[in-house]
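The values are calculated or read from the model by the stated rules, or taken from the named source; none is laboratory data. Quantities reported herein were computed from a predicted structural model and do not represent experimental measurements. Don't worry about glycine lacking a Cβ; one is built from the backbone with ideal geometry, like all the others, and counts go over all protein chains shown. For the accessible areas, the whole protein counts, side chains as well, though only heavy atoms, and no ligand, DNA or RNA atoms are used. Shrake-Rupley method; radii C 1.70, N 1.55, O 1.52, S 1.80 Å.
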Amino acid sequence: MQDLPIKRVSWLSIFVYLAGGLYAIIFLFSAGMRLVYPYEVEWNEGAVLDHAIRILDGKPIYTAPSLDFSAFVYTPFYYYVTSVVMKIGGEGLWAGRLVSILSILLSAFLIGKIVRRETSSSMLSVSGAMLFIAFYRLTGFFYDIVRMDSLALCLVVAAIYSALYFRRGHIIGAIFVALAYFTKQQMLFVWPAIALCFALRDRRQLISFAFLSLLIVVAGTIVLSLSTNGWYRFYTYTIPSMKASAGFDWQTALEFFRYWMLGSFGFTTLAILIAIFAVRKDAKSARGNLFVIIACYIMATISGAIGFGNPGGYKNVLMPLAATISIIFPISANIISEGIRKFLDGDRSSNSQISAAIMLLAFLSLAYNPLGQKMLFASTKQRLAGDEFMAKLKAMPGDVWIPYHGYIGRLAGKQTHVHFMAMNDALVPHDTTSIRYQHEIDSSLAAFRFTSIIRDEENVFHWDSVQHYSRSGTIFQTPNVFISRIGDAQTRPQFIYLPNR
C-alpha cells in the first residue's frame, strides 16, 4: 500500500501561527479578566447596561430625557440580547461582555471560513481569523466591553458570509443586515456592497434582498417610533443628524486616509492595492466574490472616515474596517504570492512560503506592549479600589449622582441617573425638548435634588464646577486605581460636590 504524502509545515508558517497566537492569547486573557471584573473598564459600560436593565424592569428605553435616564443614540437590539442573557444568568456587566466576546469569536471564525473558501489555504484561513483579533488595540480595545459594536459587527460578517455562499443568501443576508442596523446604525455601510453581490449574480435576488432588508428597517423604525411616541426617532435619528450637521469635521474625515490607511493600516493597504492591481482584469469572476469583498472593504473604509469625522468619533468605528481587512488581506497575500511564484517560475511550495512571509509582516506591523495599555487587564488592585469606592458610596446619605458612570450606583444600593454623554446628546437639538430638559437640570440643581455629586478626575471634558454645588473632598488618595478608559485617556469618580446650602 502506497503511503500518502504528508504536508510539511514550513518554519515561516510556524512563525505566523506563533505571532497570531500571541495576539489571540493577549485578547483571551484580557477578555477573561474583564469578564469577571464587576466594575467598568470603559466609562460608557455601566450606562449601556442600564439600558438592558430597564428592559428587565419593564421600563422604556426611548422616553423623554430626564435626570433619571436618557437613552444613548443607538438602536436597541444589543440591549435586548444582553437583557436575555441577564434574565438567564443574573445581572452584571459580565452579561454584556459575554455577548461581545462571543460575537468577536464568531466573527473571527466566519472570517477564517471566508478566507478558506477563497484561497483553499488553511494557513491563510487561520491567519485571517487571528489578524482580526490582532486589531484589538487599533480598534481601541472595544472588542470585549459592554457595547453594541461587536454584536453589530458579527451580524455584518454573517451577512457577508451568507450573501457569498448561502443558496438563499439574499434572504438570510437581508435579515442579518437589518439586525446589524438595529444594533448600530453605522453597520448599514455594508448594504451597497452586499447589494452588488446579488447584482452580479441575479437581478431577482437583488430585488429580493433590497426589498426585504429595507422593509425590515423601515417597518421596524415605524413600529419603534409609534410605540415610543416618537422618542425612538428623536434618539436614533434627530440627535445623530443634528450632531453631524453641526459638528462634522471634514478635515478629520479626510485625514483618516493619511493617518490610518497610510499609517497604522499602511502595510495592509499597500498589499491590498497591489493585489487589486494584479487581478484588475479578472475581478469579475463567475460569482464575483473578490469584487464583492473589495466593495465591502471600500465601504468599510468610507464608513471609518465618516465615523472619525462625526463628533466624538473614536477607534471603535474602525471595527468594520478591521474585519474586512482581515478577509481581503490574506486573499491579497495569496494573489501576490501566486504572482511572484509565476514570475520566478517556482514550484507550488514557494507560494505558501511567500504568503506566510506577507502574513508575518502584517502581524509584526501591529505589535504593541499590552502591559503599557491603560486598563487592558482588570487587576486585583483595580478591583480592591472598586470595593473601596463601593463602601464609601454606600455610606453616603441620600441621592447621589455619578454623571460619568451608570450602574455602579445600583451596585451600592443607590438609584442610577442619566449619563453625562447621554445628557449632553439630548441637549444638542436645541428644540423644545432640549429647552425643557435644560430647565429640568438647572432647576434640579438649584433645588439641591442630590445630596452629593461625584465628578470624575479626567482631562477630556472641561467640566470643573457644578452649579449650586461646591467641591468638598475626594474619594481616593492613591493615583491610578479604579480607573476606566475614556477614549485613549483614563477617568475615575473622584471629586465630591456638596450643595451650597
Query - Residue tally, condition within 27 Å of the chain's Cα centre (by Cα) and not in a loop (DSSP other than H, G, I, E, B), over the stretch 389-414 - result: 4
Report task. State whether the residues of the stretch 40-57 include one that is of a type in the set (D, E, K, R), assigned to a helix (DSSP H, G or I) and open to solvent by 10 Å² or more (accessible area, probe 1.4 Å). Result -> yes
Requested in this report: Would you mind stating whether residue 465 is hydroxyl-bearing (Ser, Thr, Tyr) and free of Cβ contacts under 8 Å to residues at least 12 places away in the same chain?
Outcome: yes
Query raised in the report: Restricting the stretch 339-359 to residues that are open to solvent by 40 Å² or more (accessible area, probe 1.4 Å) and not in a helix (DSSP H, G or I), which is modelled with the lowest pLDDT?
Result: 347
Report task. For the stretch 301-330, name all the residues that are aliphatic (A, V, I, L, M) and crowded, with 24+ Cβ neighbours inside 10 Å. Result -> 317, 318, 319, 321, 322, 323, 325, 327, 328
Report summary line: Of (1) more than 15 Å from residue 68 (Cβ to Cβ); (2) open to solvent by less than 50 Å² (accessible area, probe 1.4 Å); (3) outside any helix (DSSP H, G or I), residue 434 fails just (3)
Report task. Can you give me the number of residues within the stretch 157-175 that are more than 11 Å from residue 198 (Cβ to Cβ) and buried (at least 24 other Cβ atoms within 10 Å of the Cβ)? Result -> 3
Report summary line: When every residue in the stretch 62-103 that is of a type in the set (A, V, I, L, M) and in contact (Cβ under 8 Å) with a residue 60 or more places away in the chain is compared, the one farthest from residue 410 (Cα to Cα) is 101
Query raised in the report: Which of the residues that make up the stretch 441-460 are closer than 12 Å to residue 402 by Cα and of a type in the set (Val, Ile, Thr)?
Result: 451, 453, 454
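Residues to consider are 125, 83, 103; find the one that is in contact with a helix residue (DSSP H, G or I) (Cβ under 7 Å, 6 or more places away or on another chain), buried (at least 24 other Cβ atoms within 10 Å of the Cβ) and among the polar types (S, T, N, Q). Before you say what the answer is, go through the steps one by one.
On the way: 125 fails: buried (at least 24 other Cβ atoms within 10 Å of the Cβ); 83 fails: buried (at least 24 other Cβ atoms within 10 Å of the Cβ).
Only one candidate qualifies: 103.
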Report summary line: Pairing a residue in the stretch 432-449 that is modelled with pLDDT of 95 or more with any residue that is of a type in the set (D, E, K, R), where Cβ atoms lie under 9 Å and the two sit 6 or more apart in sequence or on different chains, gives 443/449; 448/501; 449/399
Report summary line: Apart from one, (1) over 30 Å from the mean Cα position of the chain (by Cα); (2) under 19 Å from residue 311 (Cβ atoms) all hold for residue 425; the odd one out is (1)
Query - Given (1) at pLDDT below 95; (2) open to solvent by 10 Å² or more (accessible area, probe 1.4 Å); (3) of a type outside the set (S, T, N, Q), number of the condition residue 292 does not satisfy - result: (2)
Query raised in the report: Restricting attention to the stretch 221-230, does a residue exist that is surrounded by fewer than 18 Cβ atoms within 10 Å (Cβ to Cβ) and within 30 Å of residue 110 (Cα to Cα)?
Result: yes
